[in-house]
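For reference, the structure discussed in these notes is given below.
Read-outs: derived from the displayed coordinates by stated rules, not from any lab. Please read all numbers here as calculations on a predicted model, not as lab measurements. Here Cβ is always computed from backbone atoms with ideal geometry, including for glycine, and neighbour counts include all displayed protein chains.
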Amino acid sequence: MKKDDCIFCKIANGEIPSNTVYEDEKYRAILDLSPASKGHTLILPKDHYDDLAAADGETLASVLKVAQKICAGMKKSLNCDGINVVQNNGAAAGQTVKHLHVHLIPRYEGDGPMVTWKQNESDPEEQKKIAAGISAAL
Ligand code: 5GP
Ligand code: ZN
């Protein structure tokens, strides 16, 4: 299903042109308009899902296969030293376009911090409770 007012639906389905690096029946992968690094790519499903929670299992499995294929191509063509695979869900997590997408961010030695966070100390008792809480909610 497509969503009428969704820019990624339009790009994924070819209604808006893009620098496409890969396309199949279900996906289009494009270069990001504001790349974090050379080759920064977005994998877009052609069907609309708001985010990870909205997608079906088959889509979630196949999107990672597409990611694996493109990562291999990136390593060959860009000669990058690593690749971050990032997927943001919700505004608080940095999601700005509400259409499921996976970022592939090629990394080059010495390109500095990019996908990073502050490492906090953890309390063992609190961690036990948190783990039990998440587990019980599954
Ligand atoms: P998010 O922050 O939602 O995880 O990622 C959205 C990404 O889409 C951003 O990295 C942004 O640069 C990219 N983006 C937003 N609009 C367009 C567009 O029209 N074309 C392309 N190629 N990328 C876009
Ligand atoms: Zn969409």
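List the relative contact order of segment 7-112 as a percent without decimals, with contacts defined as Cα pairs under 8 Å and 6+ residues apart.
Computed over segment 7-112, the figure is 28 percent.
Run the lone-cysteine check on the chain: no other Cys C-beta under 4.7 Å from the residue's C-beta.
If one checks each Cβ against the other cysteines of the chain, Cys71, Cys80 turn up with nothing under 4.7 Å.
Taking the radius of gyration and the Kirkwood hydrodynamic radius from Cα positions alone, what is the Rg/Rh ratio for the chain, to two decimal places?
Ratio value, two decimals: 1.02.
Between helix 57-78 and the chain, what is the angle of the helix's C-alpha long axis to the longest principal axis, kept within 0 to 90° and rounded to the nearest 10?
Its long axis makes an angle of about 70 degrees.
Taking springs between alpha-carbon atoms closer than 10 angstrom, which of Ser34, Ser77, Ser18 fluctuates most in the Gaussian network model of the chain?
Ser34
So which GluC sites (Glu not before Pro) in segment 39-138 pass both tests, a DSSP loop state and at most 11 other Cβ atoms within 10 Å of the Cβ?
Listed in order of number, the matching sites are Glu109, Glu121.
For the cross-link pairs Lys10/Lys76; Lys3/Lys46; Lys26/Lys69; Lys38/Lys76, which exceed 20 Å when the distance is taken from alpha carbon to alpha carbon?
Beyond 20 Å between Cα atoms: Lys10/Lys76.
Against the longest alpha carbon principal axis of the chain, how many degrees, from 0 to 90 and to the nearest 10, is the axis of helix 124-137 turned?
That helix lies at roughly 50 degrees to the long axis.
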